[in-house]
Amino acid sequence: MKAMAAKGPPGRVMRPNRADDAPADGETVTAPERMCVICRRRFPKAGLARYVAGASGMTFDEEKTMPGRGWYVCSDTECRKRFAKFRPGVRRKKGVLCHRKK
Ligand SMILES: [Zn+2]
């Protein structure tokens, strides 16, 4: 006599491959965007630091309300580092020429 091992069908777990689309937050507010002067990526204004060229170099404009030409830098560490050396279009007055040394 042969013992018939009744094997049931392998238990298959059906996994519904559902694409769970995250529901939209309804955040369609068009926030003002500004460009980081270093990496030139665009960010919402709120996520950027604004600097204004003052008499004594760059001034951090915390309120983003200071008059004058402002520069925006994103929160990227590299950008902040590079911005420290950033010189906004400083126009050399004539007469100040770089002497080329050979
Ligand atoms: Zn940047």
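The values are calculated or read from the model by the stated rules, or taken from the named source; none is laboratory data. If you're wondering where the values come from, they're calculated on a predicted model, not measured in any experiment. Cβ placement follows ideal geometry from the backbone for every residue including glycine, while neighbour counts extend to all protein chains displayed.
Okay, residues lined up against (1) in contact with a Gly (Cβ under 9 Å, 6 or more places away or on another chain); (2) in contact (Cβ under 8 Å) with a residue 12 or more places away in the chain; (3) away from the ligand (no atom under 16 Å from the Cβ):
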{"residue": "R34", "(1), (2), (3)": "yes, yes, no"}
{"residue": "R50", "(1), (2), (3)": "yes, yes, no"}
{"residue": "G54", "(1), (2), (3)": "yes, yes, yes"}
{"residue": "W71", "(1), (2), (3)": "no, yes, no"}
{"residue": "K81", "(1), (2), (3)": "no, no, no"}
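Answer yes or no as to whether G68 is of a type outside the set (D, E), in contact with a strand residue (DSSP E or B) (Cβ under 6 Å, 6 or more places away or on another chain) and modelled with pLDDT under 90. Criteria met by G68. The residue that is nearest to F83 (Cα to Cα), counting only those in region 22-65 that are at pLDDT below 90 and touching a Pro at 6+ places or on another chain (Cβ under 6 Å), is A53.
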